[in-house]
Amino acid sequence: MTVEICEKPPRIKSRAPVLWEWVNCNLCGGNDTEPYHQERLTYFDREFDFRIVRCLQCGLVYTNPRLVDHNGTYLRGGSEAPGEIERHAQAKAPIFKRALKEIRKQQKRQGHAPGGTLLDVGCGSGHFLGQARRCGFEVCGIEPAEIWAAYAAETFQVPVYRDDVLKVQLPFEGFDVVTAWDVIEHVADPYAVLRRCGQWLRPGGIMALRFPSAPWQKIKGVVLHDWLSSRWPAFGATMHLYFFSKHTFELMARRVGLEVLRLRTTSTEANTRSLLGDCAKAISHLTLRGVEILSRRHLGNLEVYCRKVRP
Ligand SMILES: [Zn+2]
(Lines give C-alpha, C1' and ligand atoms only; values in the text may rest on other atoms or scores of the structure.)
Protein backbone atom coordinates (compact mmCIF):
# COMPACT_ATOMS: atom_id res chain seq x y z
CA MET A 1 0.00 0.00 0.00
CA THR A 2 1.34 3.44 -0.92
CA VAL A 3 1.16 5.97 1.91
CA GLU A 4 2.38 9.54 1.81
CA ILE A 5 2.44 11.45 5.08
CA CYS A 6 2.47 15.21 5.47
CA GLU A 7 1.43 17.84 7.98
CA LYS A 8 -0.92 19.89 5.85
CA PRO A 9 -4.55 19.37 6.83
CA PRO A 10 -7.24 20.05 4.23
CA ARG A 11 -8.27 23.23 6.07
CA ILE A 12 -9.51 25.23 9.04
CA LYS A 13 -9.13 25.81 12.73
CA SER A 14 -6.08 23.68 13.31
CA ARG A 15 -3.92 25.13 16.10
CA ALA A 16 -1.30 22.39 16.05
CA PRO A 17 -0.09 20.09 13.29
CA VAL A 18 -2.27 17.11 12.64
CA LEU A 19 -0.77 14.38 10.51
CA TRP A 20 -2.58 13.38 7.34
CA GLU A 21 -1.79 10.64 4.89
CA TRP A 22 -2.69 10.16 1.25
CA VAL A 23 -3.14 6.57 0.16
CA ASN A 24 -3.60 4.66 -3.06
CA CYS A 25 -6.63 2.44 -3.60
CA ASN A 26 -6.43 -0.55 -1.25
CA LEU A 27 -8.14 -2.81 -3.78
CA CYS A 28 -6.43 -2.10 -7.12
CA GLY A 29 -3.48 0.12 -6.15
CA GLY A 30 -4.63 2.95 -8.42
CA ASN A 31 -4.65 6.64 -7.49
CA ASP A 32 -7.13 8.02 -9.99
CA THR A 33 -10.21 9.08 -8.04
CA GLU A 34 -13.31 11.24 -8.25
CA PRO A 35 -15.00 13.10 -5.37
CA TYR A 36 -17.73 11.01 -3.71
CA HIS A 37 -18.71 13.13 -0.71
CA GLN A 38 -17.38 15.73 1.70
CA GLU A 39 -18.26 16.27 5.34
CA ARG A 40 -17.09 18.60 8.10
CA LEU A 41 -16.32 16.75 11.32
CA THR A 42 -14.90 17.48 14.74
CA TYR A 43 -11.77 15.61 15.66
CA PHE A 44 -11.13 16.03 19.37
CA ASP A 45 -11.41 19.85 19.71
CA ARG A 46 -10.82 20.72 16.05
CA GLU A 47 -12.88 20.82 12.91
CA PHE A 48 -11.84 19.57 9.46
CA ASP A 49 -13.33 18.94 6.07
CA PHE A 50 -12.98 15.28 5.15
CA ARG A 51 -12.99 14.11 1.55
CA ILE A 52 -14.37 10.74 0.55
CA VAL A 53 -13.31 9.61 -2.92
CA ARG A 54 -14.16 6.82 -5.33
CA CYS A 55 -11.52 4.90 -7.29
CA LEU A 56 -12.10 5.33 -11.03
CA GLN A 57 -10.50 1.97 -11.75
CA CYS A 58 -12.32 -0.41 -9.37
CA GLY A 59 -14.99 1.67 -7.60
CA LEU A 60 -13.69 1.36 -4.03
CA VAL A 61 -14.80 4.32 -1.89
CA TYR A 62 -12.40 5.61 0.75
CA THR A 63 -11.39 8.58 2.86
CA ASN A 64 -8.46 10.41 1.29
CA PRO A 65 -6.53 12.12 2.72
CA ARG A 66 -7.12 10.61 6.14
CA LEU A 67 -5.90 11.19 9.67
CA VAL A 68 -2.78 9.20 10.49
CA ASP A 69 -4.27 8.91 13.99
CA HIS A 70 -7.62 7.84 12.56
CA ASN A 71 -8.68 5.62 15.47
CA GLY A 72 -7.43 8.02 18.15
CA THR A 73 -10.88 8.93 19.47
CA TYR A 74 -11.68 5.24 19.89
CA LEU A 75 -8.35 3.98 21.19
CA ARG A 76 -7.85 6.83 23.65
CA GLY A 77 -11.48 7.62 24.36
CA GLY A 78 -12.90 7.48 27.87
CA SER A 79 -14.79 4.52 29.18
CA GLU A 80 -18.52 4.28 28.95
CA ALA A 81 -20.46 3.53 32.11
CA PRO A 82 -21.01 -0.22 32.60
CA GLY A 83 -24.77 0.38 32.48
CA GLU A 84 -24.43 2.01 29.06
CA ILE A 85 -22.28 -0.84 27.75
CA GLU A 86 -24.83 -3.38 28.96
CA ARG A 87 -27.68 -1.40 27.39
CA HIS A 88 -25.91 -1.45 24.02
CA ALA A 89 -25.14 -5.13 24.45
CA GLN A 90 -28.78 -5.94 25.17
CA ALA A 91 -29.83 -4.10 22.02
CA LYS A 92 -27.22 -5.99 19.99
CA ALA A 93 -28.06 -9.42 21.44
CA PRO A 94 -30.71 -10.27 18.79
CA ILE A 95 -28.28 -9.25 16.00
CA PHE A 96 -25.56 -11.49 17.45
CA LYS A 97 -28.06 -14.33 17.94
CA ARG A 98 -29.12 -14.09 14.31
CA ALA A 99 -25.49 -13.98 13.16
CA LEU A 100 -24.57 -17.08 15.19
CA LYS A 101 -27.56 -18.90 13.74
CA GLU A 102 -26.39 -17.99 10.23
CA ILE A 103 -22.79 -19.06 10.97
CA ARG A 104 -23.95 -22.46 12.22
CA LYS A 105 -26.19 -22.81 9.17
CA GLN A 106 -23.29 -22.03 6.82
CA GLN A 107 -21.05 -24.50 8.70
CA LYS A 108 -23.63 -27.23 8.16
CA ARG A 109 -23.89 -26.34 4.47
CA GLN A 110 -20.12 -26.76 4.16
CA GLY A 111 -20.45 -30.22 5.68
CA HIS A 112 -18.85 -29.18 8.99
CA ALA A 113 -20.22 -29.75 12.46
CA PRO A 114 -21.54 -26.46 13.89
CA GLY A 115 -19.30 -24.94 16.55
CA GLY A 116 -15.52 -25.28 16.96
CA THR A 117 -13.02 -22.49 17.44
CA LEU A 118 -14.06 -18.87 16.87
CA LEU A 119 -11.94 -15.73 16.74
CA ASP A 120 -13.66 -12.34 16.97
CA VAL A 121 -11.47 -9.60 15.49
CA GLY A 122 -12.25 -6.23 17.12
CA CYS A 123 -14.28 -7.86 19.86
CA GLY A 124 -15.04 -4.60 21.72
CA SER A 125 -16.87 -5.30 24.99
CA GLY A 126 -16.81 -9.07 24.31
CA HIS A 127 -20.55 -9.62 24.29
CA PHE A 128 -20.44 -11.48 20.98
CA LEU A 129 -17.75 -13.78 22.40
CA GLY A 130 -19.93 -14.43 25.44
CA GLN A 131 -22.90 -15.29 23.28
CA ALA A 132 -20.80 -17.48 20.94
CA ARG A 133 -19.41 -19.41 23.89
CA ARG A 134 -22.94 -20.08 25.15
CA CYS A 135 -23.64 -21.52 21.66
CA GLY A 136 -20.81 -24.02 22.10
CA PHE A 137 -17.88 -22.23 20.42
CA GLU A 138 -14.41 -22.14 21.93
CA VAL A 139 -13.69 -18.42 21.67
CA CYS A 140 -10.99 -15.77 21.78
CA GLY A 141 -10.82 -12.15 20.66
CA ILE A 142 -8.54 -9.39 19.43
CA GLU A 143 -9.17 -5.82 20.58
CA PRO A 144 -6.73 -2.91 20.18
CA ALA A 145 -8.45 -0.55 22.67
CA GLU A 146 -7.08 -1.33 26.12
CA ILE A 147 -10.19 -0.38 28.02
CA TRP A 148 -12.46 -2.60 25.89
CA ALA A 149 -10.03 -5.51 25.84
CA ALA A 150 -9.85 -5.44 29.65
CA TYR A 151 -13.64 -5.22 29.94
CA ALA A 152 -14.15 -8.19 27.62
CA ALA A 153 -11.54 -10.36 29.32
CA GLU A 154 -12.75 -9.58 32.85
CA THR A 155 -16.47 -9.74 32.15
CA PHE A 156 -16.47 -12.95 30.13
CA GLN A 157 -13.24 -14.58 31.29
CA VAL A 158 -12.14 -15.15 27.70
CA PRO A 159 -8.70 -14.72 26.13
CA VAL A 160 -8.40 -11.32 24.45
CA TYR A 161 -5.26 -10.19 22.62
CA ARG A 162 -4.83 -6.46 23.13
CA ASP A 163 -3.02 -5.38 20.00
CA ASP A 164 -3.34 -4.33 16.40
CA VAL A 165 -4.81 -7.20 14.40
CA LEU A 166 -1.77 -7.49 12.11
CA LYS A 167 0.61 -7.74 15.08
CA VAL A 168 -1.16 -10.60 16.84
CA GLN A 169 0.51 -13.98 16.40
CA LEU A 170 -2.02 -16.80 16.10
CA PRO A 171 -1.72 -20.18 14.38
CA PHE A 172 -2.57 -20.18 10.68
CA GLU A 173 -5.54 -22.46 9.89
CA GLY A 174 -6.31 -22.53 13.61
CA PHE A 175 -9.94 -21.39 13.56
CA ASP A 176 -13.24 -22.72 12.25
CA VAL A 177 -14.82 -19.27 12.30
CA VAL A 178 -13.43 -15.73 12.19
CA THR A 179 -15.75 -12.76 12.71
CA ALA A 180 -15.16 -9.02 12.32
CA TRP A 181 -18.20 -6.91 13.20
CA ASP A 182 -17.88 -3.24 12.22
CA VAL A 183 -14.11 -3.50 11.87
CA ILE A 184 -13.02 -3.47 8.25
CA GLU A 185 -14.09 0.14 7.71
CA HIS A 186 -11.72 1.26 10.51
CA VAL A 187 -8.47 -0.44 9.54
CA ALA A 188 -5.67 1.22 7.58
CA ASP A 189 -5.17 -1.77 5.28
CA PRO A 190 -8.33 -3.87 4.90
CA TYR A 191 -6.72 -6.07 2.24
CA ALA A 192 -3.98 -7.13 4.68
CA VAL A 193 -6.49 -7.67 7.49
CA LEU A 194 -8.84 -9.76 5.34
CA ARG A 195 -5.89 -11.78 4.07
CA ARG A 196 -4.67 -12.41 7.62
CA CYS A 197 -8.16 -13.46 8.76
CA GLY A 198 -8.24 -15.90 5.84
CA GLN A 199 -4.87 -17.30 6.90
CA TRP A 200 -6.22 -17.93 10.40
CA LEU A 201 -9.18 -19.87 8.98
CA ARG A 202 -9.13 -23.57 8.32
CA PRO A 203 -9.91 -24.54 4.70
CA GLY A 204 -13.68 -24.39 4.36
CA GLY A 205 -13.92 -22.22 7.49
CA ILE A 206 -16.45 -19.40 7.76
CA MET A 207 -15.69 -15.70 7.93
CA ALA A 208 -18.48 -13.30 8.90
CA LEU A 209 -18.32 -9.51 8.73
CA ARG A 210 -20.50 -6.45 8.97
CA PHE A 211 -19.61 -3.02 7.57
CA PRO A 212 -21.29 0.16 6.31
CA SER A 213 -21.84 0.09 2.56
CA ALA A 214 -20.76 2.95 0.32
CA PRO A 215 -24.20 3.52 -1.27
CA TRP A 216 -25.91 3.65 2.14
CA GLN A 217 -23.42 6.18 3.51
CA LYS A 218 -23.87 8.27 0.38
CA ILE A 219 -27.66 8.27 0.79
CA LYS A 220 -27.23 9.38 4.40
CA GLY A 221 -24.75 12.06 3.30
CA VAL A 222 -27.10 13.49 0.68
CA VAL A 223 -30.06 13.55 3.09
CA LEU A 224 -28.16 14.91 6.09
CA HIS A 225 -25.78 17.35 4.45
CA ASP A 226 -27.27 18.34 1.09
CA TRP A 227 -30.98 18.32 1.99
CA LEU A 228 -31.05 19.06 5.73
CA SER A 229 -27.76 21.01 6.10
CA SER A 230 -27.19 18.91 9.20
CA ARG A 231 -23.84 18.54 10.98
CA TRP A 232 -24.48 14.88 11.80
CA PRO A 233 -21.78 12.62 10.36
CA ALA A 234 -22.77 10.30 7.54
CA PHE A 235 -19.47 8.64 6.66
CA GLY A 236 -17.83 9.29 10.04
CA ALA A 237 -14.53 9.84 8.27
CA THR A 238 -12.52 10.59 11.41
CA MET A 239 -12.57 6.83 12.03
CA HIS A 240 -14.13 5.23 8.93
CA LEU A 241 -11.62 4.85 6.11
CA TYR A 242 -13.22 2.39 3.64
CA PHE A 243 -16.73 1.93 2.31
CA PHE A 244 -17.29 -1.23 0.33
CA SER A 245 -20.17 -2.05 -1.95
CA LYS A 246 -21.26 -5.61 -2.67
CA HIS A 247 -19.12 -5.48 -5.82
CA THR A 248 -15.90 -4.11 -4.29
CA PHE A 249 -16.11 -6.40 -1.27
CA GLU A 250 -16.54 -9.46 -3.48
CA LEU A 251 -13.52 -8.40 -5.53
CA MET A 252 -11.34 -8.08 -2.44
CA ALA A 253 -12.65 -11.29 -0.88
CA ARG A 254 -11.79 -13.19 -4.05
CA ARG A 255 -8.26 -11.77 -4.00
CA VAL A 256 -7.64 -13.20 -0.52
CA GLY A 257 -9.21 -16.60 -1.22
CA LEU A 258 -12.65 -16.04 0.30
CA GLU A 259 -15.89 -16.89 -1.48
CA VAL A 260 -18.98 -14.88 -0.54
CA LEU A 261 -21.76 -17.29 0.44
CA ARG A 262 -24.36 -14.84 1.64
CA LEU A 263 -24.69 -11.07 1.76
CA ARG A 264 -27.61 -9.26 3.34
CA THR A 265 -28.68 -5.87 4.62
CA THR A 266 -28.41 -5.76 8.40
CA SER A 267 -31.26 -5.08 10.74
CA THR A 268 -31.58 -1.74 12.48
CA GLU A 269 -28.40 -0.65 14.21
CA ALA A 270 -28.37 -1.13 17.94
CA ASN A 271 -26.98 2.09 19.32
CA THR A 272 -30.20 4.04 19.25
CA ARG A 273 -30.88 6.48 22.08
CA SER A 274 -34.42 7.67 21.54
CA LEU A 275 -37.84 6.51 20.44
CA LEU A 276 -37.66 8.91 17.48
CA GLY A 277 -34.27 7.51 16.50
CA ASP A 278 -35.56 3.95 16.83
CA CYS A 279 -38.55 4.77 14.60
CA ALA A 280 -36.40 6.52 11.97
CA LYS A 281 -33.99 3.60 11.83
CA ALA A 282 -36.78 1.03 11.71
CA ILE A 283 -38.44 2.90 8.82
CA SER A 284 -35.13 3.27 6.95
CA HIS A 285 -34.41 -0.42 7.42
CA LEU A 286 -37.82 -1.48 6.15
CA THR A 287 -37.42 0.83 3.15
CA LEU A 288 -33.99 -0.55 2.34
CA ARG A 289 -35.21 -4.11 2.80
CA GLY A 290 -38.00 -3.37 0.32
CA VAL A 291 -35.50 -1.93 -2.17
CA GLU A 292 -33.29 -4.98 -1.65
CA ILE A 293 -36.11 -7.42 -2.35
CA LEU A 294 -37.45 -5.52 -5.37
CA SER A 295 -34.18 -4.56 -7.05
CA ARG A 296 -31.81 -7.19 -5.62
CA ARG A 297 -29.47 -4.30 -4.82
CA HIS A 298 -27.96 -4.02 -1.34
CA LEU A 299 -27.96 -0.45 -0.10
CA GLY A 300 -27.86 -0.68 3.69
CA ASN A 301 -25.10 -1.72 6.06
CA LEU A 302 -24.00 -5.14 4.95
CA GLU A 303 -23.54 -8.45 6.72
CA VAL A 304 -21.47 -10.96 4.76
CA TYR A 305 -20.69 -14.65 5.23
CA CYS A 306 -17.73 -16.14 3.36
CA ARG A 307 -15.97 -19.47 3.00
CA LYS A 308 -12.22 -19.97 2.77
CA VAL A 309 -11.60 -21.56 -0.60
CA ARG A 310 -7.81 -21.54 -0.79
CA PRO A 311 -4.78 -20.81 1.40
ZN1 LIG B 1 -9.20 0.87 -7.08
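The values are calculated or read from the model by the stated rules, or taken from the named source; none is laboratory data. The structure presented is a predicted model; accordingly, all values stated were derived computationally and were not measured. All Cβ positions, even for glycine, are placed from backbone atoms using ideal geometry, and neighbour counts span all protein chains on display.
Quick notes on this one:
- Long-range neighbours under 8 Å by Cβ, at least six apart or interchain, first residue surrounded by fewer than 18 Cβ atoms within 10 Å (Cβ to Cβ) within region 92-107, second in a helix (DSSP H, G or I) and not aromatic (F, W, Y): A93/H127; A93/Q131; K97/Q131
- Taken over region 22-35, the criterion of being on the phi < 0 side of the Ramachandran plot and either of a type in the set (G, A, S) or surrounded by fewer than 21 Cβ atoms within 10 Å (Cβ to Cβ) (or both) is satisfied by W22, V23, N24, C28, G30, N31, D32, T33, E34, P35.
- Pairs linking a residue in region 190-211 that is within 21 Å of R262 (Cβ to Cβ) and in contact (Cβ under 8 Å) with a residue 40 or more places away in the chain to a residue that is aromatic (F, W, Y) and not in a strand (DSSP E or B), with Cβ atoms under 7 Å and 6 or more positions apart or on different chains, are W200/F172.
- Some residue of region 2-10 being within 16 Å of the ligand (Cβ to nearest atom), at pLDDT below 90 and not assigned by TED's automatic domain parsing to the domain that holds Y151: yes
- Matching residues, region 55-76, being surrounded by 20 or more Cβ atoms within 10 Å (Cβ to Cβ) and free of Cβ contacts under 8 Å to residues at least 40 places away in the same chain: C55
- Identity of the residue in region 192-212, over 13 Å from the mean Cα position of the chain (by Cα) and in a helix (DSSP H, G or I), that ends up surrounded by the most Cβ atoms within 10 Å (Cβ to Cβ): C197
- Qualifying position, being of a type outside the set (D, E, K, R), over 20 Å from the mean Cα position of the chain (by Cα) and at pLDDT below 95, among L170, L224: L224
- Any chance V260 is assigned by TED's automatic domain parsing to the domain that holds G130 and touching a helix residue (DSSP H, G or I) at 6+ places or on another chain (Cβ under 6 Å): yes
- Failed criterion for L166 (all others in (1) free of Cβ contacts under 8 Å to residues at least 40 places away in the same chain; (2) over 25 Å from W22 (Cβ atoms) hold): (2)
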